[in-house]
Amino acid sequence: METIRVLHFSDLLCVWAYIAQVRIDQLLQTFPEKLSIDYHSCQVFGNVPAKMDKGWSHRGGIEGYRDHVLATAKRFDHIEVHPNVWATNTPQSSMSCHLFASAVQQLAERQEHVGKEQYPELLWALRLAFFRDAKDIACWDVQAEVAEEMGLPVGKIQEQIRNGQAYACLANDLELASTYNIKTSPTLVFNEGRQRLLGNVGYRVIEANVRELLHKEAEEFSWC
């Protein structure tokens, strides 16, 4: 039986992706040999000032958005959110941290000084730095600090950015997101785009989709 491949699209500044990561972790624990998650970037907070001006200028601005994020996070006891997230050290764009992550992804795929498991670990570490610690993860110094704490080779990461490979990787992610018409973070894409789960989807719904695909694979494998 082939491994079920799931495409996971998210923006590193999206609180719903931060909330939902525990469900992805549980999914991988439940189906350790039958499931693979491919992580991809999508653009929701590419231009933070414009997004806040358009959606929150009449609702308290960045402080109003902070209150919205805190109210959302309060419903989930498995995450930590800094009381002044967004309002302090406000990032200008998620694109720079996606670019940094793309550089690590390139190294991880080649297993060049970076293990494959360290790429999703970096994504989580960046989310923690932003949501839990209220650090500006759009800033190179913060990105490098997170990488150094993980033991990742900052010089090699920087090289991937300077030589253009990280840009190519990020461009591929954004093109893929466009192909699947991804508008929401997080979005899970199953079955070569035939099934999609958008936003705050409960774990049992996600698991049911995986089990259905596994059941279908098993039927097709045994059919004659």
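Relative contact order (percent) for the chain, with alpha-carbon contacts under 8 angstrom and 6 or more residues of separation?
Relative contact order comes out at 29 percent.
So in the chain, what percent of DSSP beta bridges are antiparallel if you round to the nearest 5?
50
Using amide H atoms built in the peptide plane, which far-off residues or other-chain residues are under 5 Å from Gln195 H to H?
Phe190
Can you put Cys42, Cys139 in order of Cβ neighbours within 10 angstrom, beginning with the fewest?
Least to most surrounded, the residues fall as Cys139, Cys42.
Which one of Tyr119, Trp140, Gly151 is farthest out on the positive end of the charge dipole of the range 113-152, using unit charges on Cβ (Lys, Arg +1; Asp, Glu -1) and the Cα centre as origin?
Selected residue: Tyr119.
Across 5 Å bins from 0, what is the distribution of all Cα-Cα pair distances for the range 97-168, in whole percents?
4, 19, 32, 27, 14, 4, 1
Taking the range 123-206, which trypsin sites (Lys or Arg not before Pro) meet the DSSP loop condition and have no more than 10 other C-beta atoms within 10 Å?
Of the trypsin sites (Lys or Arg not before Pro), the ones in loops of the range 123-206 whose Cβ has at most 10 other Cβ atoms within 10 Å are Arg194.
Just to be sure I understand, if you calculate Cα extents along the principal axes in Å for this structure, which of (i) 61, 40, 31; (ii) 68, 38, 30; (iii) 60, 36, 34 do you get?
So the calculated entry is the one marked (i).
Bear in mind that the values in this text are calculations on the coordinates, not laboratory data. Note that this is a predicted model, so its numbers are computed, not measured. Cβ coordinates were reconstructed from backbone atoms using ideal geometry, including for glycine residues, and neighbour counts include every protein chain displayed.
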